[in-house]
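Colleague: Please see the structure below; I have some questions.
The values are calculated or read from the model by the stated rules, or taken from the named source; none is laboratory data. Keep in mind it's a predicted model, so treat the numbers as computed, not measured. Reconstructed Cβ throughout: ideal geometry from the backbone, glycine too, with neighbour counts over all protein chains shown.
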Amino acid sequence: MDVENNTENKSVESSSEFVSEKSEHSTAFGIFLIILGLVSMLVPSLVTFSAQLILGIVLIFQGVFYLYKIIANQYRESTFIPGVLSALAILAGVLMLFNPIDSIISITVIIAIYFIVNGIMRFVDMFRSTGTGKKWYANLFQGILFIVFGFLVLSSSVMSSTIVIGFLLGILLIIEGITALKS
């Protein structure tokens with residue numbers, strides 16, 4: 001009986017150590033993300049160009065990987081779709097590396113359209129819900145915010161396109177950091 005209690009106490013102690021260790025990691029990770037988000041918001045152009053460069057390189061590697069799998073005959077079925085994906089990924093990656101401004105503008109337009117469609121979907125969700133509870137008001141607020149922000153991004157100049165992605169990434173990192181701090 002004493003042995004059982006001792007074993008239970010040890011497992012409770014080790015699990016509480018795990019929880020406190022996890023909380024310390026979550027806190028450190030949350031602080032790191034918030035700092036990274038603030039830096040991203042302070043130098044958004046640098047972050048935008050860096051993210052675009054990394055995405056271009058990743059697309060090229062992904063295309064080469066698909067091509068390797070086709071050559072190594074690892075696709076048992078048709079190689080048409082993997083071949084098209086390979087060519088598109090390599091082409092998109094090369095275009096991103098050699099035309100950074102154009103690709104940043106394209107990504108910014110896609111993000112703006114995403115925000116507008118997301119805002120419209122919030123309104124659709126709002127009208128589907130019954131009553132006017134918290135969810136209804138949250139959807140109303142988010143819908144307006146997404147649509148306004150989407151049109152602001154669309155109406156921005158070419159130079160602000162280089163800022164938008166880095167700034168949005170900064171906001172996202174700060175939100176993720178706050179979420180990590182709360183968990």
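Colleague: Mind listing whichever residues of the range 30-54 are surrounded by 18 or more Cβ atoms within 10 Å (Cβ to Cβ) and either of a type outside the set (A, V, I, L, M) or outside any helix (DSSP H, G or I) (or both)?
Modeller: Selection gives 30, 37, 40, 44, 48, 52.
Colleague: In the set 167, 98, which member is among the aromatic types (Phe, Trp, Tyr), under 16 Å from residue 49 (Cα atoms) and touching a residue at least 24 places away in the same chain (Cβ under 8 Å)?
Modeller: On the way: 98 fails: touching a residue at least 24 places away in the same chain (Cβ under 8 Å).
Criteria check complete, one pass: 167.
Colleague: Are any residues in the range 140-183 over 20 Å from residue 40 (Cβ atoms) and in contact with a Ser or Thr (Cβ under 7 Å, 6 or more places away or on another chain), and if so, which ones?
Modeller: 183
Colleague: Picking from 59, 67, which residue would you name as being crowded, with 17+ Cβ neighbours inside 10 Å and over 24 Å from the mean Cα position of the chain (by Cα)?
Modeller: 67
Colleague: Regarding residue 58, is this residue closer than 30 Å to residue 136 by Cβ, among the β-branched types (Val, Ile, Thr), part of a helix (DSSP H, G or I) and out of contact with any helix residue (DSSP H, G or I) (no Cβ under 7 Å at 6 or more places or on another chain)? Explain how you work it out, then say what you get.
Modeller: Working: closer than 30 Å to residue 136 by Cβ: no; among the β-branched types (Val, Ile, Thr): yes; part of a helix (DSSP H, G or I): yes; out of contact with any helix residue (DSSP H, G or I) (no Cβ under 7 Å at 6 or more places or on another chain): yes.
Considered against the rule, which asks whether it is closer than 30 Å to residue 136 by Cβ, among the β-branched types (Val, Ile, Thr), part of a helix (DSSP H, G or I) and out of contact with any helix residue (DSSP H, G or I) (no Cβ under 7 Å at 6 or more places or on another chain), residue 58 comes out as no.
Colleague: I need every pair where a residue in the range 44-62 that is over 11 Å from residue 104 (Cα atoms) and among the polar types (S, T, N, Q) has its Cβ under 7 Å from the Cβ of a residue that is modelled with pLDDT under 90 and in a helix (DSSP H, G or I), sequence separation at least 6 or different chains.
Modeller: As it stands, the answer is 62/89, since those pairs meet every condition given.
Colleague: Between residues in the range 132-153 that are over 20 Å from residue 104 (Cα atoms) and residues that are among the small types (Gly, Ala, Ser) and modelled with pLDDT under 85, which pairs lie under 9 Å by C-beta distance while being six or more apart or on different chains?
Modeller: 135/129; 136/129; 139/129
Colleague: Follow-up question, since we're still on this one. Identify the residue in the range 97-112 that is polar (S, T, N, Q) and touching a helix residue (DSSP H, G or I) at 6+ places or on another chain (Cβ under 6 Å) and, among all such residues, is farthest from residue 150 (Cα to Cα). Walk me through how you get there before you give the answer.
Modeller: Within the range 97-112, the subset polar (S, T, N, Q) is 99, 103, 106, 108.
From the residues that got through so far, the ones that are touching a helix residue (DSSP H, G or I) at 6+ places or on another chain (Cβ under 6 Å) too are 103, 108.
Values: 103: 18, 108: 10 Å.
Top of the filtered list is 103.
Colleague: Of all residues in the range 116-135, how many are of a type in the set (Phe, Trp, Tyr) and either touching a strand residue (DSSP E or B) at 6+ places or on another chain (Cβ under 8 Å) or surrounded by 15 or more Cβ atoms within 10 Å (Cβ to Cβ) (or both)? Break it down into steps so the answer makes sense when it comes.
Modeller: Residues of the range 116-135 of a type in the set (Phe, Trp, Tyr): 123, 127.
If we keep only those that are either touching a strand residue (DSSP E or B) at 6+ places or on another chain (Cβ under 8 Å) or surrounded by 15 or more Cβ atoms within 10 Å (Cβ to Cβ) (or both) as well, we get 123.
The number of residues fulfilling the criteria is 1.
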